[in-house]
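Below is one structure; the comments refer to it alone.
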Amino acid sequence: IACVDSPVGKASATQLCIDDSSYLPGLNELAESITAYDCRAFIQLHHAGRQTSLAVNGGHTPVAPSPIACRLMQVVPQELDLEGIRRIQHKFVKSARYALLAGFDGVELHAAHGYLISQFLSPYSNRRQDQYGGSTENRARFLTEIIEAIKKSLPDLAVGVRLNVADFVPGGLELDEGCKLAILVEKAGADYINVSNGIYESGQTNIEPAPYKEGWRMHLAAAVKQVVSVPVIGGGVIRHPAVAEELIASGQTDFVWVGRGMLADPEWAGKAIGGNARAIRPCISCNTCIGRSFSGLHIRCAVNPYATRELLWPRAGNLQDIRVLVAGAGPAGMQAALSLKQAGAEVVLLEQGDRLGGQLNIASVPPHKEKLAWLSEYLTEAVYAADIKVVLNTVFTVGHLD
């Protein structure tokens, strides 16, 4: 999610930017790191519009298609005039050129989640009376003109669109009109459509907390797939490769995206391809990651202590001559045992109860907390697979250190 118009268009303090040539060296290293693994690198082009704050965007008044404040951000934005629209459209095209120069194979225009392009698309936030407001075609014009301009000037760059097809707010986009937008996006030249939904005001319908069921919004992607011929990408709390495979096999989508699951286990795809799905560290939808981002901090993951700290805490170690006793087999104890074992230590894991998991076994019992059991099961299997010596039904005493 790279900002094309900083600082006014930033949505978070830690966001990447792609609107100046000074960012090219870092972006090039990112693209090279991705493509080194025989895959394609895309970067998402983004403008927050009204969904930002003065603390994040340097004190600038946000801009939007209409002067209507987001109820969460509570800042009345400046309505973009035609000159302002042209300026930001040019920013998107210019940023796409920087993406190509940096070595990316494609860009994805962020037209979802209530950000600027999404604000133009939705009757909830777009009350304009000119050629960029009113009818579905007019509200789509801001986006379709960007697509057409990028395809014309940068024909070698793939262009995808992350498209809201439902806002989940009264007076916002509904699925029927979302499908009409998808047709217009394809006609403008988009190479694929990444189907999404929700805005800030409709809660966490795009960064779902634990109660949401796996694949709950795949009907949106399936509806879009019925009306377009370009590839469709769908997702939403996809936690198991078998579920993703079934969604593709059943024709509901062409690709499945996995977001937070890749933070929990960056080897998600490799383990899935290798038939080792049980070894995937599960995302429990706790939203520690996005909560950190909303607080202006770098993300962390509650189930993966290495996330965003891979270089700070390298997994390799030289503890072959070290014997370690870990007291307590809750999640912290099990993870400590695994990390120490991976570093070469001889590890004994001591637990006073009759099974591993600690308080996860209790915490997973209430309604909507079932995903916590996934973490307990994963860590338990990983401990036994690592050949760590486990001692149950034993209370720790100083004598265990002898």
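The values are calculated or read from the model by the stated rules, or taken from the named source; none is laboratory data. Quantities reported herein were computed from a predicted structural model and do not represent experimental measurements. Note that each Cβ is placed from the backbone with ideal geometry, even for glycine, and that neighbours are counted across all protein chains shown. Heavy atoms of the whole protein, side chains included, go into the accessibility calculation; ligands, DNA and RNA do not. Shrake-Rupley method; radii C 1.70, N 1.55, O 1.52, S 1.80 Å.
Using a probe of 1.4 angstrom, how much of the accessible area of the stretch 130-242 is carbon and sulfur, in percent? Please list the in-between numbers first.
On the way: 2250 of 4170 Å².
Whole-percent figure for carbon plus sulfur exposure: 54.
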_Given points 7 Å out from each Cα along the Cα-Cβ axis, report the E381 to T14 separation in nanometres with one decimal._
2.9
*At a probe radius of 1.4 Å, what is the per-residue accessible area of S22, in Å² to the nearest 10?*
80
*Give me the lysines in straight-line cross-link reach of K271: C-alpha distance below 24 Å, same-chain residues under 8 apart excluded.*
K213, K341, K371
*What accessible area per residue comes out for the chain, rounded to a whole number of Å², with a 1.4 Å probe?*
47
*Any idea what diffusion coefficient the stretch 1-151 gets from Stokes-Einstein, in µm²/s, Kirkwood Rh on alpha carbon pairs, 25 °C, 0.890 mPa s?*
157
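Could you grab the Rg to Rh ratio for the stretch 173-281? Cα atoms only, Kirkwood for Rh. Please list the in-between numbers first.
On the way: Rg = 14.6 Å, Rh = 14.8 Å.
Reported Rg/Rh (Cα atoms, Kirkwood Rh): 0.99.
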*In vacuum, with every alpha carbon of the stretch 1-50 counted as one equal point scatterer, what does the Debye formula give for log10 I(q)/I(0) at q = 0.17, 0.18 Å⁻¹? Two decimals, please.*
-0.53, -0.58
*the stretch 62-134: radius of gyration over Cα atoms, expressed as a fraction of 2.2 N^0.38 Å*: 1.23
*Can you list the lysines whose alpha carbon is less than 19 Å from that of K225, not counting same-chain residues fewer than 8 positions off?*
K180, K187
*Can you give the FRET efficiency for H60 and Q131, using 1/(1 + (r/R0)^6), R0 = 25 Å, r = Cβ-Cβ distance, to the nearest 0.05?*
0.45
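For the chain, what is the convex hull (Cα atoms) projected area averaged across all directions, in square nanometres? Numbers along the way, then the final one.
Numbers: hull surface 86.8 nm².
Average of the hull's projected areas for the chain equals 21.7 nm².
What is the sum of charges, Lys and Arg at +1 and Asp and Glu at -1, for the other residues whose Cβ falls under 13 Å from the Cβ of L263?
On the way: positive: R239, R260, R281, R292, R300, R309; negative: D265, E267, E310.
Once positives and negatives cancel, what remains is +3.
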*Accessible carbon and sulfur surface of the stretch 244-334 relative to its total accessible area, %, 1.4 Å*: 58
*Tell me, what is the FRET efficiency for R87 and A269 to the nearest 0.05, using R0 = 35 angstrom and their Cβ-Cβ distance as r?*
0.35
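Between T397 and W313, 0.36 nm times their residue separation minus their Cα-Cα distance comes to what?
Working: separation 84, 0.36 × 84 = 30.24 nm, distance 3.05 nm.
This chain segment gains 27.2 nm when fully extended.
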*Just subtract the alpha-carbon distance of V76 and A210 from 0.36 nm times their residue separation and send over the number in nm, one decimal.*
45.0 nm
*With a 10 Å radius around each residue's Cβ, average the other Cβ atoms per peptide and rank 391-400, 70-79, 41-50, 2-11, highest first.*
41-50, 2-11, 70-79, 391-400
*Sum up the charges of everything whose Cβ sits under 11 Å from the Cβ of V243, counting Lys and Arg as +1 and Asp and Glu as -1, but leave V243 out.*
-1
*For the stretch 180-233, the fraction of alpha-carbon pairs in successive 10 Å shells from zero, as %*: 23, 45, 28, 5
*asked:* Please compute one quarter of the surface area of the Cα convex hull for the stretch 7-82 and express it in square nanometres.
replied: 6.5
